[in-house]
Amino acid sequence: MRTENLKNMIIQKSREEIELMRESALIVSKTLGMIASEIKEGVTTLYLDKLAEEFIRDHGAVPSFLGLYDFPNSLCMSPNAQVVHGIPNNTPLKNGDVISVDCGAFKNGYHGDHAYSFEIGEVAPEVKKLLKITKESLYVGIREFKAGNRVEDVGNAIQKYTEAHGYGVVRELVGHGVGQKMHEEPEMPNYGKRGRGKLFVEGMVVAIEPMINMGTRNIKQLKDGWTILTADGKPSAHFEHDVALIDGKPELLSTFQYIYKALGIESNEEDEFRQVPLIL
């Protein structure tokens with residue numbers, strides 16, 4: 001372990017630990033790929049949640065979210081104006097919906113945790129753009145996760161990219177370190193000033209996850225104690241990757257390629273963040 005102060009430890013992982021984390025992350029990636037094949041108009045989020053739990057357990061892992069802080073399900077499923085932490089229910093998805101699906105899996109003592117925002121049927125052009133820009137901002141942020149940089153360099157890059165399009169960057173919810181615990185140091189905000197925050201160190205692993213609103217950055221919480229909504233009722237988008245710092249550069253442990261395979265999408269967006277090509 002290396003620390004900048006004893007209260008806020010960044011836990012550095014060995015190469016062996018990172019490979020175990022990659023296995024957990026790829027179980028999440030495969031789970032989201034399975035969801036991509038099943039998610040459509042008329043399907044309920046509770047049905048998808050049950051499929052995800054079975055899939056994760058069939059792959060020798062356990063759902064990270066189920067029971068975490070007493071969360072009742074295996075997936076956080078947050079449609080439209082819900083930002084994150086939506087609880088699966090029996091309401092069917094509708095044409096034109098967008099929905100963030102956030103998933104975690106725990107195997108070999110380590111967590112994987114990432115998220116993707118899906119389109120249901122024909123989505124309004126302005127909402128498609130929100131998803132596009134938010135996903136692009138994820139990679140803009142990942143590029144700043146490198147030796148010599150600090151936490152807010154990532155947040156600043158995401159903030160500048162998304163605010164240039166007039167979007168609101170959620171402040172109250174942030175990315176985080178990940179490892180044997182789901183939430184480790186450091187917190188990874190999606191906003192900030194360059195040169196501030198903890199210094200990145202070799203072997204650290206973080207979940208970078210822009211949560212970007214079409215309108216105001218302000219949010220509110222439902223009485224269920226979990227669901228976070230945009231304050232103005234406009235849509236929100238959420239994408240997340242697990243990233244390790246290896247040889248001073250960002251290395252993706254998760255992938256959206258299983259999702260893209262299910263949806264018939266071709267993309268090389270992840271190639272620059274892999275030292276070894278991904279084999280599905």
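From the helices alone, meaning DSSP H stretches of at least four residues, give me the mean residue ellipticity at 222 nm for the chain, per-run term -39500 (n - 2.57), in deg cm²/dmol to the nearest 500.
Details: 5 runs with 76 residues, N = 280.
Helix contribution divided over all residues of the chain: -9000 deg cm²/dmol.
Pairs of Cα atoms under 8 Å, at least six residues apart: use those to get the relative contact order of the chain, whole percent. If you can, show how the numbers build up before the last one.
Numbers: 705 pairs, mean separation 61.5, N = 280.
It rounds to 22 percent for the chain.
What is the Rg over Rh value, at two decimals, for the range 74-221, using alpha-carbon atoms and the Kirkwood definition of Rh?
On the way: Rg = 15.6 Å, Rh = 16.0 Å.
Rg/Rh: 0.98.
Could you calculate the contour length gain from Glu16 to Lys249, that is, 0.36 nm times the residue separation minus the distance between their Cα atoms, to one decimal place in nm?
Values: separation 233, 0.36 × 233 = 83.88 nm, distance 1.72 nm.
Taking 0.36 nm per residue and subtracting the Cα distance, the gain is 82.2 nm.
What whole-number value in cubic angstrom gives the convex hull volume per residue for the C-alpha atoms of the chain? Provide the component values of the computation, followed by the final result.
On the way: hull volume 34.0 nm³, N = 280.
It comes to 121 Å³ per residue, whole-number rounded.
Helix by helix, which DSSP H runs in the chain go 30 Å or more along their axis at the Cα atoms and have an average Kyte-Doolittle hydropathy of -0.5 or more?
Details: long enough: 15-38 (34 Å, 0.11).
Span-like helices in the chain: 15-38.
Considering the zone a paramagnetic label at Asp232 would reach in this model (a point 7 Å from Cα along the Cα-to-Cβ line), which residues of the range 189-222 have amide N under 12 Å from it?
Within reach of a label on Asp232: 213-219.
Can you give the extra length, in nm with one decimal, that the chain gains between Asp224 and Lys94 once fully stretched, where that is 0.36 nm per residue apart less the Cα-Cα distance? Can you show the working numbers first?
Working: separation 130, 0.36 × 130 = 46.80 nm, distance 2.25 nm.
Full extension of this stretch gives 44.6 nm more.
Given the Cα-Cα distance of Ala147 and Arg196 and 0.36 nm per residue of separation, how much length would full extension add, in nm? Before the final figure, lay out the partial values.
Numbers: separation 49, 0.36 × 49 = 17.64 nm, distance 1.41 nm.
This chain segment gains 16.2 nm when fully extended.
How about the range 23-63: which trypsin sites (Lys or Arg not before Pro) there are in a DSSP loop, with at most 14 other Cβ atoms within 10 Å of their Cβ?
Details: sites: Lys30, Lys40, Lys50, Arg57; in loops: Lys40.
Of the trypsin sites (Lys or Arg not before Pro), the ones in loops of the range 23-63 whose Cβ has at most 14 other Cβ atoms within 10 Å are Lys40.
Quick one, what does Rg over Rh come out to for the range 38-140 if you take C-alpha atoms and the Kirkwood Rh? Walk me through the intermediate numbers first.
Working: Rg = 14.2 Å, Rh = 14.3 Å.
Checking Rg against Rh, the ratio lands at 0.99.
Using a Förster distance of 22 angstrom, determine the FRET efficiency expected from the C-beta separation of Leu278 and Glu172, and round it to 0.05.
On the way: r = 33 Å, r/R0 = 1.52.
After rounding to 0.05, the efficiency reads 0.10.
Give me the one-decimal nm value for the distance between modelled label points at Tyr47 and Asn108, 7 Å along each residue's Cα-to-Cβ direction.
Output for this residue pair reads 3.5 nm.
Please report the carbon-and-sulfur percent of the accessible area for the range 116-172; probe 1.4 Å, protein heavy atoms only, DNA, RNA and ligands left out. It would help to have the intermediate numbers written out before the result.
On the way: 1080 of 2290 Å².
Whole-percent figure for carbon plus sulfur exposure: 47.
Using a probe of 1.4 angstrom, how much of the accessible area of the range 205-255 is carbon and sulfur, in percent? Kindly include the intermediate steps, with their values, before the conclusion.
Values: 790 of 1630 Å².
After summing per-atom areas, the C and S share lands at 49 percent.
Using a Förster radius of 35 Å, what is the FRET efficiency between Lys132 and His183 based on their Cβ-Cβ separation? Nearest 0.05, please.
Details: r = 28 Å, r/R0 = 0.81.
So, using R0 = 35 Å, E works out to roughly 0.80.
Which three numbers, in whole Å and largest first, are the semi-axes of the equivalent ellipsoid of the range 185-264 derived from its Cα gyration tensor as √(5λ)? Present the calculation step by step, with values, prior to reporting the outcome.
Values: eigenvalues 149, 83, 27 Å².
They are 27, 20, 12 Å, listed from largest to smallest.
Over 20 Å between C-alpha atoms is what I'm after, so list which of Lys50/Lys234; Lys234/Lys261; Lys13/Lys146; Lys160/Lys193; Lys13/Lys135 land there. Provide the component values of the computation, followed by the final result.
Values: Lys50/Lys234 28 Å; Lys234/Lys261 30 Å; Lys13/Lys146 15 Å; Lys160/Lys193 10 Å; Lys13/Lys135 27 Å.
Beyond 20 Å: Lys50/Lys234; Lys234/Lys261; Lys13/Lys135.
The values are calculated or read from the model by the stated rules, or taken from the named source; none is laboratory data. Please read these numbers as outputs of a predicted model, since none were measured by experiment. FYI the Cβ positions are ideal-geometry reconstructions off the backbone, even for glycines, and counts take in every protein chain you see. Accessible surface areas use protein heavy atoms only, side chains included; no ligands, DNA or RNA. Shrake-Rupley method; radii C 1.70, N 1.55, O 1.52, S 1.80 Å.
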